[in-house]
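The block underneath contains the structure these notes are about, expressed in structure tokens.
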Amino acid sequence: MRWISEHSRTTLLIGLALAGLLQLISGNLDVYYLNIGLMAAIHVALAVSLNLVNGYTGQFSLGHAGFMAVGAYTAASLTTILPEALPAIAGLKGFSLQLWFVFSTLVGGGAAALCGFLVGMPSLRLRGDYLAIVTLGFGEIIRVFIQSSDTLGGARGLSGLPPLTSPFTCVSLAVISIYICGNLVKSTYGLGYLATRDDEIAAESVGVNTTRCKVNAFVVGAFIAGMAGSLYGHLLQYINPSQFGFLKSIEIVVLVILGGMGSTLGVSIAAVVMTFGLEQMRNLNEWRMVIYALLIIVFMIVRPQGVMGTLGVERSRTKSKRKAA
Amino acid sequence: MDTFLQQLFNGLFLGAIYALIALGYTMVYGILRFINFAHGEVYMVGAYVAYFAASMLLPLFGAGWLAFLLLLIIAMLACALLGVGIEWTVYRPLRHRPRLTVLITAIGVSLFLQYGGQSWLGAAPRAFPTLLPKSTVSLGPVQATNLQIVVLVTTLVLMLALRFFVMKTKLGKAMRAVSHNVQAASLMGINNDRVISVTFAVGSALAAAAGVLYAINYPTINPLMGLMPGLKAFVAAVLGGIGNIPGAAVGGLVLGIVETFAGGSPLLSPYRDAIAFGLLVLLLLFKPGGLLGKATVEKV
């Protein structure tokens with residue numbers, strides 16, 4: 001089974017091949033289910049990237065949707081607002097348009113990564129719960145700024161995004177995120193992330209630069225979230241600031257909690273299952289959020305490591321016992 | 001100068017509400033070292049309890065001071081029970097778990113109250129009945145409404161009562177001891193569980209008072225009204241130095257004043273909601289202990 005673990009190159013290739021296959025047969029699939037599938041793939045990328053920060057590095061970010069917003073709005077400015085000024089871009093068609101979209105998505109990811117760096121630098125010196133509030137505040141700041149910017153559509157949102165998100169881009173983003181995050185924490189360098197989570201002081205004392213680990217995890221996570229945001233926007237073809245509010249961040253946090261913090265495979269499965277499951281529960285309306293809340297509470301009391309969580313939680317539990325003694 | 005004083009007064013009034021909520025955050029943090037995310041929702045529940053109690057009591061007593069005081073007390077008692085209930089059912093089983101687990105659970109409780117409230121009571125805002133007839137009072141150059149003065153006076157009374165409770169009573173002394181060192185306190189025969197329950201009760205009652213005071217001034221309430229004030233009150237608690245009771249009061253007032261001045265300037269007013277968080281980042285960069293907090297050294 002080793003060759004299908006989340007960090008092997010074979011998995012990456014199989015995943016990309018599947019993405020290509022899905023692209024080829026997508027014309028024959030039911031559009032409704034195809035779109036839910038694409039949303040699931042985007043959620044996989046989001047959950048996996050947040051898991052890098054919350055699960056592997058042991059920080060607690062509540063602002064993931066903020067990074068998504070940065071990515072979505074940056075990419076949308078390149079594909080939707082910029083062509084109005086530059087006819088050369090407006091004339092792009094077919095493959096070159098797809099390339100332009102990929103480029104915009106990467107720029108969106110880059111912008112989100114830059115934000116991740118700017119937020120990360122000061123706030124990652126803070127302890128867990130402060131960090132949660134700062135990242136939450138960051139998400140709110142982003143939202144308020146977009147809301148008061150006329151160029152970006154303000155609170156009305158930005159509509160008319162070209163429908164450029166294809167099955168191939170979505171699934172490959174998901175597969176590549178899994179591959180990157182899976183490999184990162186298995187590398188000698190990435191072990192620093194795990195060490196930072198398990199015992200920050202001990203990690204410092206053996207020479208791990210914990211601040212750098214945290215900031216890097218943040219930047220990589222933000223980069224992927226930014227790209228996912230771009231795909232999300234171009235899938236729905238409409239974005240507005242309230243889509244990227246606190247609740248979206250919570251939604252991603254729930255995926256990570258249910259899947260198991262520190263298990264890339266677990267959170268990917270949780271992302272897919274929850275996206276389809278919630279779609280089935282659509283007629284429950286506002287009770288959906290109540291169910292979300294109960295899931296969080298019950299999981300935290302009964303099984304804090306999630307369905308497929310790793311030993312990290314166990315270890316930190318013994319640590320807290322030691323402190324209490 | 002007159003506008004300055006007027007804005008300062010408005011800021012004090014907003015700050016008083018933040019301060020009342022912030023006190024609950026800071027007390028719980030001081031003892032259990034975790035952010036009770038659900039605290040903002042207790043504030044919302046306080047306003048709703050007063051709303052429902054008003055619909056029962058107003059026909060009996062009529063609007064006026066008596067009704068206001070009764071509703072205030074009912075809301076505070078109900079929320080004290082709610083706070084203790086939350087602590088009992090949800091936080092107590094998690095007492096010795098990592099702080100992050102408790103934090104996530106607290107977010108869960110907060111979402112549960114918000115959306116449970118929304119599903120149960122409906123998302124539409126409700127009009128809060130008039131308890132005290134509104135009138136304008138001139139205090140020198142400052143124009144105030146009598147309701148704003150009621151808010152300031154009630155806040156002051158509650159803060160003094162809290163000060164008395166924490167500094168002069170036996171239970172308050174126990175509370176200070178537990179926040180200083182949990183193990184040592186229990187070795188001295190203090191019942192930690194009881195102290196923690198009392199802390200939740202007092203903090204939640206203060207939040208409920210803030211909810212009622214808000215409701216008599218801005219007469220609509222809705223199930224999500226606790227989210228933003230809750231977060232900002234937390235910022236206020238950190239601003240004053242978390243765990244420090246006078247700090248929470250100062251932090252709340254400072255935040256209220258800063259926000260009101262920012263709201264009054266045309267340049268900053270669109271970013272009003274972002275200011276609290278910007279302030280938090282700056283503070284954590286330069287003085288992470290808060291305005292009145294002490295710098296702590298982490299022991300290995």
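Within the stretch A:286-300, residues that are more than 7 Å from chain B (Cβ to nearest Cβ) and buried (at least 20 other Cβ atoms within 10 Å of the Cβ) have Cβ atoms under 8 Å from residues that are in a helix (DSSP H, G or I) and not acidic (Asp, Glu) in these pairs: A:Phe299/A:Ile257; A:Phe299/A:Leu258, counting only partners at least 6 apart in sequence or on another chain. Answer yes if at least one residue in the stretch A:258-266 is part of a helix (DSSP H, G or I), under 30 Å from A:Pro162 (Cα atoms) and away from every other protein chain (no Cβ under 14 Å), and no otherwise. There is no residue in the stretch A:258-266 that is part of a helix (DSSP H, G or I), under 30 Å from A:Pro162 (Cα atoms) and away from every other protein chain (no Cβ under 14 Å). Restricting the search to helices (runs of 4 or more DSSP H) fully inside the stretch B:218-300 and requiring at least 1 residues that are more than 15 Å from the chain's Cα centre (by Cα), at pLDDT 80 or above and within 11 Å of chain A (Cβ to nearest Cβ) gives B:272-286.
Scan the stretch A:136-184 for residues that are polar (S, T, N, Q) and at the interface with chain B (Cβ under 10 Å from one of its Cβ atoms) and jot them down.
A:Gln147, A:Ser148, A:Ser149
Of the candidates B:Tyr18, B:Tyr29, the single residue that is at pLDDT below 90 and within 18 Å of B:Gly290 (Cα to Cα) is B:Tyr29.
For the stretch B:181-232, a residue qualifies if it is of a type in the set (D, E, K, R) and free of Cβ contacts under 8 Å to residues at least 24 places away in the same chain, and exactly one does: B:Arg194.
Considering A:Ala228, A:Ala174, A:Ala195, A:Ala222, the condition of being among the aliphatic types (A, V, I, L, M) and farther than 23 Å from A:Thr135 by Cα is satisfied by A:Ala174 alone.
For A:Leu82, indicate whether it is part of a loop (DSSP other than H, G, I, E, B), more than 30 Å from B:Lys232 (Cβ to Cβ) and not polar (S, T, N, Q). Judged against the criteria, A:Leu82 is not a match.
For the stretch B:232-272, the set of residues classified as within 17 Å of A:Val144 (Cα to Cα) and out of contact with any helix residue (DSSP H, G or I) (no Cβ under 7 Å at 6 or more places or on another chain) consists of B:Ser265, B:Pro266, B:Leu267, B:Pro270, listed by residue number.
Is at least one residue of the stretch A:122-143 surrounded by fewer than 18 Cβ atoms within 10 Å (Cβ to Cβ), at negative phi, modelled with pLDDT under 90 and touching a Ser or Thr at 6+ places or on another chain (Cβ under 7 Å)? Yes - at least one qualifying residue is present in the stretch A:122-143.
For the stretch B:81-110, the candidate set comprises residues that are in contact with an Asp or Glu (Cβ under 9 Å, 6 or more places away or on another chain) and within 7 Å of chain A (Cβ to nearest Cβ); within that set, the residue that is modelled with the highest pLDDT is B:Val109.
Taking the stretch A:174-218 on its own, how many of its residues are under 30 Å from A:Leu92 (Cβ atoms) and buried (at least 24 other Cβ atoms within 10 Å of the Cβ)? Explain how you work it out, then say what you get.
Within the stretch A:174-218, the subset under 30 Å from A:Leu92 (Cβ atoms) is A:174-177, A:179-180.
Pick out the ones that are also buried (at least 24 other Cβ atoms within 10 Å of the Cβ) and you get A:174-175, A:177.
Looking only at that region, the number is 3.
Taking (1) of a type outside the set (Ser, Thr, Tyr); (2) within 22 Å of the chain's Cα centre (by Cα); (3) closer than 30 Å to A:Val256 by Cα in turn, B:Pro98 satisfies each apart from (2). Looking at the stretch A:39-47, is at least one residue assigned to a helix (DSSP H, G or I) and surrounded by fewer than 24 Cβ atoms within 10 Å (Cβ to Cβ)? So far as the stretch A:39-47 goes, yes, one or more of its residues are assigned to a helix (DSSP H, G or I) and surrounded by fewer than 24 Cβ atoms within 10 Å (Cβ to Cβ). Only a single item in (1) touching a residue at least 60 places away in the same chain (Cβ under 8 Å); (2) among the small types (Gly, Ala, Ser); (3) at the interface with another protein chain (Cβ under 10 Å from one of its Cβ atoms); (4) in contact with a helix residue (DSSP H, G or I) (Cβ under 6 Å, 6 or more places away or on another chain) is not met by B:Gly116, and it is number (1).
For the stretch A:267-285, the set of residues classified as within 13 Å of chain B (Cβ to nearest Cβ) and hydroxyl-bearing (Ser, Thr, Tyr) is empty. The single condition among (1) within 14 Å of chain A (Cβ to nearest Cβ); (2) in a helix (DSSP H, G or I); (3) β-branched (Val, Ile, Thr) that B:Val45 does not satisfy is (1).
Of all residues in the stretch A:224-251 being outside any helix (DSSP H, G or I) and under 16 Å from A:Gly139 (Cβ atoms), which is farthest from the other protein chains (Cβ to nearest Cβ)? The selected residue is A:Ile239. A count restricted to the stretch B:234-261 and to residues that are in contact with a Phe, Trp or Tyr (Cβ under 9 Å, 6 or more places away or on another chain) and buried (at least 21 other Cβ atoms within 10 Å of the Cβ) stands at 14. Considering A:Val254, A:Val220, the condition of being within 14 Å of chain B (Cβ to nearest Cβ), in a helix (DSSP H, G or I) and either under 14 Å from the mean Cα position of the chain (by Cα) or closer than 30 Å to A:Ser77 by Cα (or both) is satisfied by A:Val254 alone.
The values are calculated or read from the model by the stated rules, or taken from the named source; none is laboratory data. Just so it is clear, the structure is predicted and the values come from calculations on it, not from any experiment. Counting neighbours? That spans all protein chains shown, and the Cβs are built from the backbone with ideal geometry, glycine included.
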